[in-house]
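These notes are about the structure you will find just below.
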Amino acid sequence: MSQTLLLLPGDGIGPEVTAQVRRVAAVLTPDLTLDERDFGGISFDRNGAPITEEAIATALKSDAVLMGAVGGPKWAGVPRDKRPEMGLLGLRKAMDVFANLRPALCFDALADASSLKRELVAGLDIMFVRELTGGVYFGQPRFIETLPDGQRRGVDTQVYTTSEIERVSRVAFELARGRRNKVHSLEKSNVMETGLLWREVVTDLHKRDYADVQLEHMLADNAAMQLVRQPTQFDVLLTDNLFGDVLSDEAAQLTGSLGMLPSAALGAAGKPGLYEPIHGSAPDIAGQGVANPLAAILSFEMALRWSLNRPAEADRLFAAVEAALAAGARTRDIGGGLSTAEMGDAVLKAL
Ligand code: IPM
Ligand code: MG
């Protein structure tokens, strides 16, 4: 049975970086069928919605979905429910991809590109497991109202159920077993009810099924500090949706370039995963052909590993990226002058 990868290039630099994934796939996995749909602002322009029902249905039928990026200043004035970002949240929810894996890996060739000293980040290899379909991103009620005295009042709701916490925690513990066997669970149990529940559920699950894994609870603000103090103390970091959003950006910067980092959003076994470079649409450099395609290419690597069940091809692709970097291939964001396509060339050559 032939497998299908759905590409959602999206906005900004999204189309440029996913074009390089196409080139890599043509060489590495010629039997893989690639499909493509509009997503984000471009979909709003063409179809009146940031993602169409048809595109969502196609995503659910695919073996994996790889997106580029969504959003940009052009759509800042669009009604909230039609914004590119809402298309992304809608897709995550529809695919039920509740566990977001965000590796922050410092490639040795790039350790000097970090804003931290080399000795703090050399060898850094941490993995965020961020809950992705719950919490304050989706909690109800949410609204902005006008009060009788004329003030306005905004409300968001942070909410988690036991099963939402447990299923994402399982992913973190399972992953840790294949790594350095350590999980830090981050929350604010000192001030939040959801934080307290989070700590209890993680503790119970650990006792029941994962007592062999080292577990530490850490307050999320302390973790933010520890990430810049001594990031290599971490292996797997388990977080809710909002803390994971914030802290994974911080961790990304430790590695020197946002342009390097992929991510995977996974749901139940056998369901398609959603893969995305964690850099955004970068409107400031869009269309210039200078964006780093490695985050998108490494997102494809994660898709090969986690959804397409092709670990050998994933290993080959990862080694090719490492080899290209070791041979000095650099786009502008990591201190070089290669274009997007030339970085693609470098990976293809190494392959
Ligand atoms: C991310 C992004 C998204 C999020 C935005 C674009 C909706 O920041 O993937 O981290 O907040 O989840
Ligand atoms: Mg974010």
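Data overview
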| read-out | value |
| --- | --- |
| Span from the segment 201-239 Cα centroid across to the segment 278-351 one, whole angstrom | 30 Å |
| Rg and Dmax [Cα atoms of segment 261-351; Å; Rg one decimal, Dmax integer] | 13.8, 41 |
| Over segment 100-266: Kirkwood hydrodynamic radius from C-alpha pairwise inverse distances, Å | 16.8 Å |
| For segment 101-183, projected area of the alpha-carbon convex hull averaged over all directions, nm² | 9.0 nm² |
| Distance cut-off 17 Å, percentage of C-alpha pairs in segment 163-229 lying past it | 41 percent |
| Percent of C-alpha pairs per 10 Å bin, segment 199-244, short to long | 22, 52, 25, 1 |
| Zero-based 5 Å bins, Cα pair distances in segment 184-261, whole percents | 3, 14, 25, 23, 17, 11, 5, 1 |
| Proportion of all alpha-carbon pairs of segment 190-339 beyond 27 Å (%) | 37 percent |
| Convex hull of Cα atoms in segment 9-50, direction-averaged projection (nm²) | 3.0 nm² |
| Cα-centred dipole magnitude for the chain, charges only on beta-carbon of K, R (+1) and D, E (-1), debye, nearest 20 | 120 debye |
| For the chain, the fraction of alpha-carbon pairs in successive 20 Å shells from zero, as % | 30, 60, 10, 0 |
| Dimensionless Rg/Rh of segment 8-129 - Kirkwood Rh, Rg from C-alpha atoms | 1.05 |
| Among 203-212, 150-159, 81-90, the order from most to least packed when residues are scored by Cβ within 10 Å on average | 81-90, 203-212, 150-159 |
| Heavy-atom accessible area order for Tyr275, Tyr137, largest first, 1.4 Å probe | Tyr137, Tyr275 |
| Between segment 111-132 and segment 16-67, the alpha-carbon center distance in angstrom | 30 Å |
| Highest-first arrangement of 27-38, 57-68, where packing means the average Cβ count within 10 Å | 57-68, 27-38 |
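The values are calculated or read from the model by the stated rules, or taken from the named source; none is laboratory data. Note that the coordinates shown come from a computational prediction; the quantities given were computed from them, not determined experimentally. Here the Cβ is made from the backbone with ideal geometry for all residues, glycine too, and neighbour counts use every protein chain on show. Note: areas computed on protein heavy atoms with side chains; ligands, DNA, RNA excluded. Shrake-Rupley method; radii C 1.70, N 1.55, O 1.52, S 1.80 Å.
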